[in-house]
Amino acid sequence: MTDRHRWWQRGIVYEVSIRSFADADGDGVGDLAGIRSRLDYLAWLGVDAVWITPFFPSPMVDNGYDVADYTGVEPLFGSLDDFDRLLADAHDRSLRVICDFVPNHTSDQHPWFRASRSARDAPKRDWYLWRDPAPDGGPPTNWLSEFGGPAWTLDEATGQYYYHAFASAQPDLNWRNREVREAMYDAMRFWLDRGVDGFRVDVMWHLVKDEAYRDNPPNPDYREGQGSPYRRLVPAYSADQPEVHEVVAEMRAVLEEYEDRVMIGEIYLPVDRLIDYYGRDGDGAHLPFNFHLITTPWDAREIEVVIDRYEGVLPENAWPNWVLGNHDQPRVASRVGDAQSRVAAVLLLTLRGTPTLYYGEELGLRDVPIPPERVTDVRERQQPGRGLGRDPERTPMPWDATEHGGGFTSGEPWLPLGEANLARSVATQREERKSMLMLHRRLIELRRREAALLVGSYRPMPAQGDALAYRRASDGRELVVALNLGAAAQRLVLPDELGELRVILSASGEAEGRTHRDELPLAANEALVLEALGEGRR
Ligand code: GLC
């Protein structure tokens, strides 16, 4: 049954934030050669694909998400040769490489934007979104930047505003312009020709804006001081426009010129809107990122609802996926606590669909507090003190317990590793049978071995209180996953027809081998995978 599935359906995606994974040249910043030197670790862990955050030439206003050249490598991270070597070595280990593709905006230093801003009648003027000032001289619409303040900046020299969904140094491209589309598709082909296995497409739902430039309505749920001020308005006209799906389908068509590549879309939307990004006939993204385990409160009933809603609306042939963390979100161990982060790992790796792991999650890394003088993130610099900064979850990977560099660098690390995280290094955890790292490795191994987890069906199981449970089955083999999202013991009633069950994995490492029928005791913070020993046994 697994043979019918593509690599990105069976596989696990591992996100590497390039600045923080491994530094080969000792300048304190991670690089391509560093990633290459750690491929054996990724193979040992058992993941299938590594997605690398942007490594293209960039003034680094937004961590490389301000690209100044789509077909080059930022010297800080290495060279094109380094990239080719990394790709070849990854492929030698059957690891796929997924590049970040940032189509919504460029850097304001990109030659296209320089040309565009040079004059109102410049040939590339229409490559970006230029508008006259409002009658009062202010911005053309009320649209807000995700990083704070208005999303429009006045260009004094030409007297017009340009739109930027993020920092003013990240002007949005005009995706209604055919030349822009062709130029960007060529950039995709540049990397596909080199052999990359796919793209993670940055802010896919932002690509197209309302043609009439209507104002966004106020958000009735917004409370001042709670979360980002961007949420003051509902981005009804500045994101998720119907025309975006035509662009997504065109991108997909570019991928289809090649064999067996994957397109993942970054999309923060409610599930009913999210699924549109699979495309009407499956001609959209293979995997529109599902961030609902991040955006949903860590509560068994709420998570159950989100899983069932997602499973319920997925079109046939649309492959599910789940994400627990990324470079824009507080780390999962900081969100739910150490004990629950083990439960979260079991959840992520046993739900139906492709999981994405953020580097360091397998170590249970926590957010590292960053002193004000070391802040680098543009979101924190533009809106300080609101807790919106993303440096805490972007700190370097602790490979060993060496003070300071933690085996990440021989130089001065660009962000502190944090003492608590140093104590959770790869070297330390490899020696501990029950460590978070070894739990991940065992879960990944189990997943690989069990078709029921890899590609099997999903069925919710009734549960109360802090318990959450579901069944996964394939070819007559049935597994039960039972999670306790709380710190008090729970009990789960087991359906009669399942007969006797045996624990094959326990997050605490305490319950393996035990058998149960009718009722399952679930210790505090425990997560179990059980096999049915009855009729359905393989
Ligand atoms: C995406 C990236 C984020 C970046 C933003 C603007 O959300 O994940 O890090 O700041 O796009 O490019």
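The values are calculated or read from the model by the stated rules, or taken from the named source; none is laboratory data. Bear in mind the structure is a predicted one, so any value in this text is a computation, not a measurement. Backbone-built Cβ (ideal geometry, glycine too); neighbour counts: all protein chains shown. All accessible areas refer to the heavy atoms of the entire protein, side chains included, with ligands and DNA or RNA removed. Shrake-Rupley method; radii C 1.70, N 1.55, O 1.52, S 1.80 Å.
Side notes on the structure shown:
- In the range 515-524, residue surrounded by the fewest Cβ atoms within 10 Å (Cβ to Cβ) [restricted to those that are assigned to a loop (DSSP other than H, G, I, E, B) and touching a Leu at 6+ places or on another chain (Cβ under 9 Å)]: Asp518
- Among residues of the range 328-345 that are of a type in the set (S, T, N, Q), those with a Cβ under 6 angstrom from a residue that is in a helix (DSSP H, G or I), sequence gap 6+ or separate chain, pair up as Gln329/Ile294; Ser341/Val332; Ser341/Ala333.
- Listed conditions (1) part of a strand (DSSP E or B); (2) open to solvent by 50 Å² or more (accessible area, probe 1.4 Å) are all met by Tyr237, apart from (1).
- Meets criteria (modelled with pLDDT of 95 or more, within 16 Å of the ligand (Cβ to nearest atom), hydrophobic (A, V, I, L, M, F, W, C) and in contact with a Leu (Cβ under 8 Å, 6 or more places away or on another chain)) for Trp127: no
- Sole residue being open to solvent by 10 Å² or more (accessible area, probe 1.4 Å) and not charged (D, E, K, R), chosen from Gly325, Gly364, Gly282, Gly360: Gly282
- Taken over the range 387-417, the criterion of being more than 16 Å from the ligand (Cβ to nearest atom) and hydroxyl-bearing (Ser, Thr, Tyr) is satisfied by Thr402, Thr409, Ser410.
- Meets criteria (open to solvent by 50 Å² or more (accessible area, probe 1.4 Å), without any contact (Cβ under 8 Å) to a residue 40 or more places away in the chain and more than 22 Å from the chain's Cα centre (by Cα)) for Asp126: no
- Evaluation of Pro355 against (1) in a loop (DSSP other than H, G, I, E, B); (2) crowded, with 23+ Cβ neighbours inside 10 Å; (3) away from the ligand (no atom under 15 Å from the Cβ) (one fails), failing number: (1)
- Options Phe101, Phe83: the member that is open to solvent by less than 40 Å² (accessible area, probe 1.4 Å) and either within 14 Å of the ligand (Cβ to nearest atom) or modelled with pLDDT under 95 (or both): Phe101
- Test result for Glu179, within 16 Å of the ligand (Cβ to nearest atom), touching a helix residue (DSSP H, G or I) at 6+ places or on another chain (Cβ under 8 Å) and of a type in the set (D, E, K, R): no
- Filtering the range 400-419 to residues that are surrounded by fewer than 20 Cβ atoms within 10 Å (Cβ to Cβ) and either of a type in the set (Val, Ile, Thr) or within 23 Å of the chain's Cα centre (by Cα) (or both) leaves Thr402, Pro416.
- The single condition from (1) within 12 Å of the ligand (Cβ to nearest atom); (2) within 30 Å of Asp81 (Cα to Cα) that His206 fails is (2).
- Selection within the range 214-230 - more than 26 Å from Arg176 (Cα to Cα) and surrounded by 14 or more Cβ atoms within 10 Å (Cβ to Cβ): Asn219, Tyr222, Ser228, Pro229
- Within the range 138-213, strands (runs of 3 or more DSSP E) holding 1 or more residues that are free of Cβ contacts under 8 Å to residues at least 24 places away in the same chain, open to solvent by less than 40 Å² (accessible area, probe 1.4 Å) and acidic (Asp, Glu): none
- Single residue of the range 46-80 satisfying the filter (open to solvent by 30 Å² or more (accessible area, probe 1.4 Å) and aliphatic (A, V, I, L, M)) that is nearest to the ligand (Cβ to nearest atom): Val61
- Every residue from the range 329-343 that is within 16 Å of the ligand (Cβ to nearest atom) and open to solvent by 30 Å² or more (accessible area, probe 1.4 Å): Gln329, Pro330
- Within the range 360-386, considering residues that are more than 16 Å from the ligand (Cβ to nearest atom) and without any contact (Cβ under 8 Å) to a residue 12 or more places away in the chain, the one farthest from Gln170 (Cα to Cα): Pro371
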